[in-house]
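This report refers to the structure that appears directly beneath it.
The values are calculated or read from the model by the stated rules, or taken from the named source; none is laboratory data. What you see is a predicted model; the values in this text were computed from it and never measured. Positions of Cβ are backbone-derived with ideal geometry, glycine not excepted, and every protein chain shown enters the neighbour counts.
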């Protein structure tokens, strides 16, 4: 059902007075608008339209993007939807893949910024990064941020993958990887797919176990972060480390 078109984000009649995007004023066309004013000037629908590349018969790329955002309830809901749901809206695998590639590029860009940027001295920077990486996973992921002696990020690894409500953590493997990366400190984190933030008794236990084991090799556990729906819970901020 996909219709391809070279050069514009949509050819079919739009809601802009029945004009095609090519007939819109240049200042209103998504691509020209981005080039002239930067990507921040575009709406979610306009940015999405550029990734979709073109519309479908009877619907421009911008109109199609607006319809998708309405259908899925939010940009987050749209980006997290499975390909099968996109297909039911007439959007094929090629366009779905292009959008998912853009999402992954954004995550990798954030990771690269953290590796070459300032030390992780504020919880806010760590939380933003972890939310981007873990918030929308449908199962629990336990991960580690390995840091050098200036609290700069050496590596980020997903060590253990679990189910919707638990992940089995092996403290010795955490220690082994910390030594492999020559880390002097680390931050561990896991997500709660339910969105809840309160730590469980198992979370408390594994935090104490990791702290004691890492200390034997002079590696500091700086924090254990639980990633919820839109916020994070920090063991350090609550005085639990």
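Some points to look at:
- Verdict on residue 204 being under 20 Å from residue 130 (Cβ atoms) and either surrounded by fewer than 16 Cβ atoms within 10 Å (Cβ to Cβ) or free of Cβ contacts under 8 Å to residues at least 24 places away in the same chain (or both): yes
- Scanning region 91-142 for residues that are at pLDDT below 80 and in contact with a helix residue (DSSP H, G or I) (Cβ under 8 Å, 6 or more places away or on another chain) yields 107, 110, 111, 114, 118, 120.
- When residues of region 177-195 are limited to those that are surrounded by 13 or more Cβ atoms within 10 Å (Cβ to Cβ) and free of Cβ contacts under 8 Å to residues at least 40 places away in the same chain, the one farthest from the chain's Cα centre (by Cα): 184
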